[in-house]
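Chemist: I'd like to ask some things about the structure below.
The values are calculated or read from the model by the stated rules, or taken from the named source; none is laboratory data. Keep in mind it's a predicted model, so treat the numbers as computed, not measured. Neighbour counts are summed over all protein chains in view; Cβ atoms, including those assigned to glycine, are modelled from backbone coordinates with ideal geometry. Ligands, DNA and RNA are stripped out before the accessible areas are found, and what is left, the full protein with its side chains, is counted by its heavy atoms. Shrake-Rupley method; radii C 1.70, N 1.55, O 1.52, S 1.80 Å.
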Amino acid sequence: MSCAGVVLTGGASRRMGRDKSALPVDGPGGTLSQRTARMLLAHTAPCVELGPGTSGLPHHPDPGRGPLVALAGAASVWETLPDDSDVLVVATDLPRLTPSLVAWLVAHPAAGAVVPVDEGRRQPLCARYPVAALRATPAVVASGATSLKEWLAGLDVHDAGPDEWVGAAGDAWALRDADTPEELAALSAAGPGAPPAARAR
């Protein structure tokens, strides 16, 4: 079984005030999307970006209507993959994502989707899906669905709680996204031990 990789770099980044995917990390010349791409390239193939092309990966446009529509718009990618493939889908705004968490998701033995759970919520933008589920996204969108939650409702999902993924990640903050400059600063400054307080959604 093979695993492809997808980096999601779309979105308006209004609360951040600038394109999150182009934020500098890992020293001069590195961006958040490039960091995410390097992690996925080490464990997945092929690996593509859905967004404006900030990661250095082959990229497909994001229509700007949310991640489900972006995944549906890349139908040509899913059709080229073997039927027994999995696809690791990762958003670019996870500054604490670790290579070990990526490796753990790729190697997880569950047959269906593997979706980590943090703060009691599924984290579908750092998760692994069977390629058949990605191939179904155009029909799901055509049916009127607009959210990943609606798509997930039709999948066989293994919900991986913190008792599973935190040890694999080596960082309890690994799934926390940065939507504002303040959140990015807090995530960048904190140690790996205790996760930040739950945020209102």
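Chemist: Work out how far the C-alpha atoms of region 30-78 reach from end to end along every principal axis, then list the three figures in whole Å, largest first.
Modeler: On the principal axes, region 30-78 reaches 27, 21, 14 Å in Cα extent.
Chemist: Highest mean first, what order results for 169-178, 110-119 on Cβ atoms within 10 Å?
Modeler: Ranked by mean Cβ neighbours within 10 Å, highest first: 169-178, 110-119.
Chemist: Return the tail of the calculated pair distribution for region 25-155, meaning the percent of Cα-Cα pairs more than 20 Å apart.
Modeler: 44
Chemist: Read phi for every residue in region 123-136 and hand back ³J(HN,Hα) as whole Hz from Karplus 6.51 cos²θ - 1.76 cosθ + 1.60, θ = phi - 60°, with x for Gly and Pro.
Modeler: Here the 3J(HN,Hα) series is 10, x, 9, 8, 8, 10, 10, x, 4, 4, 5, 5, 5, 7 Hz.
Chemist: To continue, here is another question. May I ask you to give the percent of accessible area on region 45-138 that is carbon plus sulfur, with a probe radius of 1.4 Å?
Modeler: 61
Chemist: Let me ask another. Return the long-range amide H neighbours of His59 (sequence gap of 5 or more, or a different chain), with a cut-off of under 5 Å between placed amide H atoms.
Modeler: Close amide H contacts, sequence-distant or interchain: Glu49.
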